[in-house]
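Notes follow the structure.
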Amino acid sequence: MKKHSLVIQGHATSVSLEEEFWNALKEIAYNRNISLIALITDIDAQRTTNLSSALRVFILKELQKNTSSN
């Protein structure tokens, strides 16, 4: 697990994520043609839990969505 420091809408924060989740976020952002911080900002705006958990749940839902469409 690694702690990542971010600035979201002008506020400094940090998230602790396993490297696999961090890589998945980067891949999703790349596939959507948006920056990683833009993706995280969108997730942050919709979250109801802590940011690290929200990021993991987002990745899981993306995986489930992609799996069910195949």
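Tallying residues that are open to solvent by 90 Å² or more (accessible area, probe 1.4 Å), closer than 17 Å to Ser53 by Cα and among the polar types (S, T, N, Q) within region 5-34 yields 1.
Taking the listed residues Ile43, Ile37, the one that is β-branched (Val, Ile, Thr), under 9 Å from the mean Cα position of the chain (by Cα) and open to solvent by 50 Å² or more (accessible area, probe 1.4 Å) is Ile37, with no other qualifying. Within region 27-50, residues that are farther than 17 Å from His4 by Cα sit with their Cβ atoms under 7 Å from residues that are open to solvent by less than 100 Å² (accessible area, probe 1.4 Å), at 6+ positions apart or across chains, in these pairs: Ile28/Leu39; Ile28/Glu62; Arg32/Leu39; Arg47/Ala54.
Could you please let me know if Ser52 is in a strand (DSSP E or B), of a type in the set (S, T, N, Q) and either surrounded by 12 or more Cβ atoms within 10 Å (Cβ to Cβ) or in contact with a helix residue (DSSP H, G or I) (Cβ under 6 Å, 6 or more places away or on another chain) (or both)? Here the answer is no, as Ser52 does not meet what is asked.
Would you say Ala24 is in contact (Cβ under 8 Å) with a residue 12 or more places away in the chain and part of a helix (DSSP H, G or I)? Write out each step before concluding.
Details: in contact (Cβ under 8 Å) with a residue 12 or more places away in the chain: yes; part of a helix (DSSP H, G or I): yes.
The answer is yes for Ala24.
The values are calculated or read from the model by the stated rules, or taken from the named source; none is laboratory data. Keep in mind the model is a prediction, meaning the values are calculated, not measured. We place every Cβ from the backbone using ideal geometry, glycine too, and count neighbours over all the protein chains shown. Just so you know, the surface numbers come from the protein's heavy atoms only, side chains and all, with ligands and any DNA or RNA stripped out. Shrake-Rupley method; radii C 1.70, N 1.55, O 1.52, S 1.80 Å.
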